[in-house]
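Derivation of every value follows stated rules applied to the coordinates shown; laboratory data play no part. Being a predicted model, the structure only gives us computed values, none of them experimental. Don't worry about glycine lacking a Cβ; one is built from the backbone with ideal geometry, like all the others, and counts go over all protein chains shown.
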Amino acid sequence: MPEIIALDIETTGLDSQNDSIIEIGAVKFNENRVIAEFSKLINPRKPINSFITNLTGISNSMVMNAPFIADVLPEIQDFVGDSIILGQNIDFDLSFFKKFGAFRENLTIDTYELASVLMPSASRYNLGSLSLQLNVVLTNAHRALDDAKATMQVYQQLIKKIEELPIDLVAEILRLSKGLNWQGELPFRWSLKALGARGIQPKRILDENEELFFNLEKAPRSKGLQPNPHFETLDC
């Protein structure tokens, strides 16, 4: 399995075009092994309001002497490289980087989208709720590195759920997700490949581009009920 970067940011607000990053946290890992961590406070060049400070614990005084995003971008880009990026609602986080041209080509995995398929009866799908339901300890919620660590552990628990699924269900989920730009696809493909390496195959065929299709040949049609030519009359 390739290296993955669990990425999380804290921001001055929800608008990626007008708000700014105030903290970046990232964890580089491979399966269950943590390789490296990244954590930086960022000076947003604007005041942090009291709501964000109460939510994150990050105050204006904490970022006053922190580097600007332009100074940190080369560092986080070097840390991430072309690795797959994992996140909870990852499109939100990446929107704050993509406006600077960063991480536009990286493949992504979203724990929110994975959990919505693997945990259909979950009460909520935010990071705190998923952590609680999957027995992941989330300390210092809304601090970027701690959230990134929790996202990694939530992902690892979701992978276990994929591994428990019948192979035909894994393949069917992939078939149904074809063309949807679903950010839960990669772990399902890896699971299918791992099972195939063990000689376990679903009822499927592959086209010349190695895309997944199913052999949808119809089962033989039943002849239905037929009269018995050797019937006997009932006694009256």
Counting only Cα, what are the radius of gyration and maximum Cα-Cα distance Dmax of the stretch 62-131, in Å?
-> 15.0, 45
Sequence-distant residues sharing a close amide H with Asn89 (under 5 Å, placed H) = Thr111, Tyr112, Glu113
Quick one: check the C-alpha center-to-center distance for the stretch 48-110 versus the stretch 7-39, whole angstrom.
-> 5
Comparing Thr53, Thr11, Thr151 in a Gaussian network model of the chain (Cα, 10 Å), the one with the largest mean-square fluctuation is Thr53
Give a residue-ordered list of calculated ³J(HN,Hα) values for the stretch 101-107 (Karplus: 6.51 cos²θ - 1.76 cosθ + 1.60, θ = phi - 60°; whole Hz; x for Gly, Pro).
-> x, 8, 6, 7, 10, 5, 6
In whole percent, what relative contact order does the stretch 123-188 give with Cα contacts below 8 Å and a gap of six or more residues?
-> 22
Does anything in the stretch 55-80 have its amide N under 15 Å from the 7 Å Cα→Cβ label point of Asn126, and if so which residues?
-> 55-57
Any idea how far apart Asn49 and Lys98 come out in nm if each label point goes 7 Å out from Cα toward Cβ?
-> 2.5
Counting pairs of alpha carbon atoms under 8 Å apart in space and at least six apart in sequence, what relative contact order in percent does the stretch 52-169 give?
-> 22
Of Gly199, Gly57, Gly128, which has the largest mean-square fluctuation in a 10 Å C-alpha GNM of the chain?
-> Gly199
Percentage relative contact order, the chain, counting C-alpha pairs under 8 Å, at least six apart = 18
Per the chain, sqrt(5λ) over the Cα gyration tensor eigenvalues, sorted largest first, in Å, gives 48, 20, 16
As a check on your grasp of the helix formula, calculate [θ] at 222 nm for the chain: sum -39500 (n - 2.57) over DSSP H runs of n ≥ 4, divide by the residue count, round to the nearest 500.
-> -11500 deg cm²/dmol
Could you calculate the contour length gain from Asp91 to Glu75, that is, 0.36 nm times the residue separation minus the distance between their Cα atoms, to one decimal place in nm?
-> 3.7 nm
27 Å Cα-Cα reach of Lys161 towards lysines, excluding residues that sit fewer than 8 places from it in its own chain | Lys28, Lys149, Lys178, Lys193, Lys203
Pull up all non-local amide H partners of Ile22: gap of 5 or more, or a different chain, and H-to-H distance under 5 Å with H placed in the peptide plane.
-> Glu10, Thr11, Thr12
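How far, in nm, would the chain grow between Asn65 and Glu3 when pulled straight, counting 0.36 nm per residue and subtracting the alpha carbon separation?
19.1 nm
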